[in-house]
Amino acid sequence: MSTQVHSTLSEETVREISDDLDEPDWLLETRLEALDALSELDMPDVIRTPGRDWTNLDALDYDSFVDPLSAAEEKERVEPEGVSVLSLSDALDEHEEIVEEYFGSVIDPQENYLTALSAALFTSGTLVYVPEGVDAEDVTIRTTMQSQSLFNYTLVVTEKSSSVTILERQESEELDGERYYSGLVEIAAGENSHVQYGSLQDVDEETYTYTLKRGTAADHASVNWIEGNIGSRLTKSSVETTLDGEGSETKTVGAFFGHDDQHFDVAARVWHKNEHTTADLVTRGVLDDEARSVYEGVQDVGKDAWDTSSYQRENTLMLSDQSEADASPKLIINNHDTEASHSATVGQVDEEDLFYMTSRGVPDSLAKNMLVEGFFVPVLDEVEVEELREDLDAKIVERLDY
């Protein structure tokens, strides 16, 4: 049985959150049902490689750092013309029928202990709603955590033949003590619509983060993800897409850079449910000092997913002998009309490359930094959102400490 929150969690707490946000009865009921389910739910599955469980979510002291009634943040939203980018409170006033239809439709609030905890306690939320035929660029959501815990929720709904590009950042102000950040993202991409969602997580390194981002794509729709993880003490992150529609597509580009004793447990998953679907999963990570990472990539091709194309590549570069990494790519194929491949590598800096550069007068530290920057280039080249690509590149250079 999973670790339970006690003193910080009660029906009165959940009702107070809901009352403060002036929520309708159906959403309060969803919160209370999630609260009631906690005692029966387990933690999310963690990534296991032969002989090792890398991440112990049960060991975290949720009772000490989950304090939903003191939640505080600074939130910035940029809303281009033609699209609604609203706080959840405003969204319930203006588009309650949309929120009610799609909330919990992609991620079951009771999927696991941490999703239920988030559903019961979230205080920060955003709806991005793109009407039929609207093309929206430069949607920006910036969250700066200013409290011991914060539960954030993002819902993206695109109607037929629309498109949107979203950049969401998570940051934090430094406070004393350990903290907890939870972020759930649901994307419902309508027929022939296109969603590009980019995320850059750079919270302080006393914060534990749990994020689950999942999208569904209707006929000829696409859901593309860019996932950058730089901050946190421990990151448990999963980016997932269900290709429900004929001809639907997804692409996931991921990057992480760990140092000190940071821990990254990251996953990219896709379910091919219909014919003529396409997926491409690309992740690269770098580890220094005593940082650790484990990656799982899953391509699940269903029996009705004829003429499927599914590809996966993951590479982790370790800069120190004390860092640790492993990867677990998986192919699950249930029909014969599929073109698929997967690969994963974990290794140290290439000594021949390093020798080549140092023998030509490049100092050791500079040579290693140049190799790291070059290692990330194939991923950065895949990032189509220029602002996110520049931000991620800047964070990488900053960590290299030239």
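For the residues VAL139, VAL164, VAL156, VAL128, the requirement of being within 28 Å of LEU38 (Cβ to Cβ) and buried (at least 20 other Cβ atoms within 10 Å of the Cβ) singles out VAL156.
Scanning segment 22-48 for residues that are free of Cβ contacts under 8 Å to residues at least 24 places away in the same chain and surrounded by 15 or more Cβ atoms within 10 Å (Cβ to Cβ) yields a single hit, LEU28. Take the residues of segment 297-316 that are open to solvent by 20 Å² or more (accessible area, probe 1.4 Å) and under 21 Å from the mean Cα position of the chain (by Cα): which is nearest to HIS263 (Cα to Cα)? Applying the filter and picking the extreme gives ASN315. Being more than 22 Å from the chain's Cα centre (by Cα) and either free of Cβ contacts under 8 Å to residues at least 60 places away in the same chain or in a loop (DSSP other than H, G, I, E, B) (or both) is a property that ASP393 lacks.
Just to be sure I understand, how many residues within segment 26-66 are touching a Lys or Arg at 6+ places or on another chain (Cβ under 8 Å) and among the hydroxyl-bearing types (Ser, Thr, Tyr)? So the answer is 1. Evaluate segment 91-104: report whether one residue or more is open to solvent by 40 Å² or more (accessible area, probe 1.4 Å), among the aromatic types (Phe, Trp, Tyr) and in a helix (DSSP H, G or I). Yes, that holds for at least one residue. Looking only at residues in segment 363-393 that are of a type outside the set (A, V, I, L, M) and in contact with a Lys or Arg (Cβ under 9 Å, 6 or more places away or on another chain), the one that is nearest to THR250 (Cα to Cα) is GLU382.
Looking at the structure I just gave you, is SER309 polar (S, T, N, Q), within 21 Å of PRO50 (Cα to Cα) and assigned to a strand (DSSP E or B)? In short, no.
Of all residues in segment 18-65, those satisfying the criterion of being closer than 30 Å to GLU100 by Cβ and among the small types (Gly, Ala, Ser) are SER18, ALA34, ALA37, SER39. Just one of the listed residues (GLU382, GLU351) is open to solvent by 80 Å² or more (accessible area, probe 1.4 Å) and either in contact (Cβ under 8 Å) with a residue 60 or more places away in the chain or not hydroxyl-bearing (Ser, Thr, Tyr) (or both), namely GLU351. Residue count for segment 49-83 under the criterion of being within 23 Å of the chain's Cα centre (by Cα), over 23 Å from SER39 (Cα atoms) and open to solvent by 30 Å² or more (accessible area, probe 1.4 Å): the result is 10. In segment 188-202, the qualifying residues are those that are part of a strand (DSSP E or B) and within 21 Å of ALA255 (Cα to Cα), and the one that is farthest from the chain's Cα centre (by Cα) is VAL195. Pairs linking a residue in segment 55-68 that is farther than 19 Å from PHE122 by Cα to a residue that is of a type in the set (D, E, K, R), with Cβ atoms under 6 Å and 6 or more positions apart or on different chains, are THR55/ASP265.
Within segment 118-145, how many residues turn out to be closer than 24 Å to TYR208 by Cα, among the aliphatic types (A, V, I, L, M) and more than 17 Å from the chain's Cα centre (by Cα)? Summing the residues that are closer than 24 Å to TYR208 by Cα, among the aliphatic types (A, V, I, L, M) and more than 17 Å from the chain's Cα centre (by Cα) in segment 118-145 gives 2. Scanning segment 105-134 for residues that are farther than 20 Å from ASP244 by Cβ, in a loop (DSSP other than H, G, I, E, B) and free of Cβ contacts under 8 Å to residues at least 60 places away in the same chain gives PRO131, GLY133, VAL134.
Of everything in segment 271-281 that's in contact with a Gly (Cβ under 9 Å, 6 or more places away or on another chain) and open to solvent by less than 10 Å² (accessible area, probe 1.4 Å), which residue is nearest to ASP321 (Cα to Cα)? If we take residues in segment 271-281 being in contact with a Gly (Cβ under 9 Å, 6 or more places away or on another chain) and open to solvent by less than 10 Å² (accessible area, probe 1.4 Å), then LEU281 is nearest to ASP321 (Cα to Cα).
The values are calculated or read from the model by the stated rules, or taken from the named source; none is laboratory data. Just so we're clear, the structure is a prediction, and the values are computed from it rather than from any experiment. As a convention, Cβ positions derive from the backbone with ideal geometry for all residues, glycine included, and neighbour counts pool all protein chains shown. Note: areas computed on protein heavy atoms with side chains; ligands, DNA, RNA excluded. Shrake-Rupley method; radii C 1.70, N 1.55, O 1.52, S 1.80 Å.
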